[in-house]
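**Q** A single structure is presented below for examination.
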Amino acid sequence: MKFSIVKDFLVAQYKIIRGNRFGMFGAVILLFFGVIALLAPYIAPYELWESLRDSSGKLAILRHPSLEFPLGTTAMGRDLLSQLILATRTTVLIGLTSGLVSILIGANIGLLSGYYGGKLDEVFMRFTDIVYGMPFLPFLIVLISLFGRNIWFVIIAICCIIWRTSARVIRAQVMSIRQRQYIQAAKARGCSNFRIIYGHIMPNILPLLLLYTAFNIAWSVLAEAGASFLGFSDPNNITWGGMLYNLWISGKIRTAWWWFATPSICIILLVSALVFISRAYEEVANPRLKQR
C-alpha cells in the first residue's frame, strides 16, 4: 500500500515536470549532477589534494586542458577534473540537505501558524520577522568563529535563514484553505487538528511546497558558493565555491580561465536547473501562468 502511494506520487511529479520543457531540461541536468555526486569517489581520476606530474616528470602546474588533464590543473599541480567531481558531491550534499531541512522548518511553521492563528501565529510571525533581519554571512561568521570551519555549520547557517520566505507564503495559503467547506466538514466529523493539517491541508499545498523546495536548494547552492569563495568553507572538503576561492588566493584569476570556468559553469547549470524545475511547479500552483 505504501509502495503504491510512493509510486503514484513519483508518477505525478514526473508528469508535472514532463509537461514543461524547461522543467524536463532542468530535471536531466539535476539527474546528471546527482549521478556524479553518488559516483564521485569511484570516477575521480586522482586524489583531491594530490600534486601531479606530467609525462616528462615535471610538476603539472597551471596546465591548460589537454588529453592528459582534461580540465587542466591548479597552481599546486592538482587535477581540476578530480576536484570538480569530488566538489559536486559536497555541493549537492550541502544544497540538498539545506534545502530539505529549511523547507521542513518553513512548511511546519507556515502550516501551524496559518491553521491555528491567534497568539501562535503572532509568535511565529514575529520570530520570522527577526530572522528576516539576520544577514546570512555575518551569522555564518559568528558560527565559524565559535565552532570552527565545518561543513555542517555552513548547513546550519543556511537552514536557519532561508526557511523564512516559504513559511510566510505557506501560511498565507493555509489561511485561505482553512476556510473552505471540506475543512469545516472534517472538523465537524471530529478529525484531529493533526489529521486536518497534514492529511487535508498539506496535500493541497504540495505543489507550493515542492516549488519552494527547489527555490531553497538553489539558494543554498548560491549561499554556499558565496561563503566558500570568502573562505568560510570546510578546509577538509572541496566545493565549487571552494575551487573559486583557491583560484582567488593563488592570484591567477585573470590568467587561469579554465580554473575559473568549470566550477562557475557548474554553479550556473545547477541553479538554472532548479529554477527550471520550480517553474514547472509554479504553473501547477498558479495555473494562470499557463495562459501566458
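Just so you know, all these numbers are worked out from the coordinates, no wet-lab data involved. All of these numbers come straight from a predicted model, not from anything done at the bench. For neighbour counting, all protein chains shown are included, and Cβ atoms are generated from backbone atoms with ideal geometry for every residue, glycine included.
**Q** Over the Cα atoms of the chain, each weighted equally, I'd like the Debye log10 I(q)/I(0) at q = 0.07, 0.11, 0.14 Å⁻¹, rounded to two decimals.
**A** Log10 of I(q)/I(0), two decimals: -0.34, -0.75, -1.07.
**Q** P(r) for the range 1-84, please, calculated from all Cα pair distances in 5 Å bins and given in %.
**A** 3, 13, 15, 13, 11, 10, 8, 8, 7, 6, 4, 1, 0
**Q** Going from the alpha-carbon gyration tensor of the range 49-200, what semi-axes, largest first and in whole Å, does one get by taking the root of 5 times each eigenvalue?
**A** 50, 19, 10
**Q** Residue 104 to residue 265: extension gain in nm, 0.36 nm per residue of separation minus the Cα-Cα distance?
**A** Between residue 104 and residue 265, full extension yields 55.0 nm more.
**Q** Out of residues 5 or more away from residue 60 or on other chains, whose amide H comes under 5 Å of its own, with H placed 1.01 Å from N in the peptide plane?
**A** Counting only residues 5 or more places away or on other chains, the set is 52, 53, 54.
**Q** Let me have the 222 nm mean residue ellipticity of the chain computed from DSSP H runs of 4+ only, each contributing -39500 (n - 2.57), with the sum over all residues rounded to the nearest 500.
**A** Theoretical 222 nm ellipticity from helices: -24000 deg cm²/dmol.
**Q** Between 229, 127, 215, where does the largest GNM mean-square fluctuation fall for the chain, given springs only between Cα atoms within less than 10 Å?
**A** Greatest mean-square fluctuation among the candidates belongs to 127.
**Q** Under the Karplus relation 6.51 cos²θ - 1.76 cosθ + 1.60, θ = phi - 60°, what is the ordered set of whole-Hz ³J(HN,Hα) values for the range 193-199, x standing for Gly and Pro?
**A** Per residue, the Karplus-derived 3J(HN,Hα) values read 4, 4, 5, 5, 5, 9, x Hz.
**Q** Still on this structure, please answer the following. Using 17 Å as the cut-off for backbone N distance, which residues of the range 166-209 belong to the label zone defined by a point 7 Å from the Cα of residue 134 along Cα→Cβ?
**A** Inside the label zone: 166-168.
**Q** Are there DSSP H segments in the chain that both extend 27 Å or more along their axis (alpha-carbon positions) and score a mean Kyte-Doolittle hydropathy of at least 1.0? List them, or say none.
**A** 21-43, 80-116, 151-177, 206-229, 257-285
**Q** Between residue 68 and residue 42, what is the FRET efficiency for a Förster distance of 22 Å, r being their Cβ-Cβ separation, to the nearest 0.05?
**A** For R0 = 22 Å, the calculated efficiency reads 0.55.
**Q** Normalised by the empirical 2.2 N^0.38 Å for globular proteins, what value does the Cα Rg of the range 81-152 take?
**A** Output field value: 1.50.
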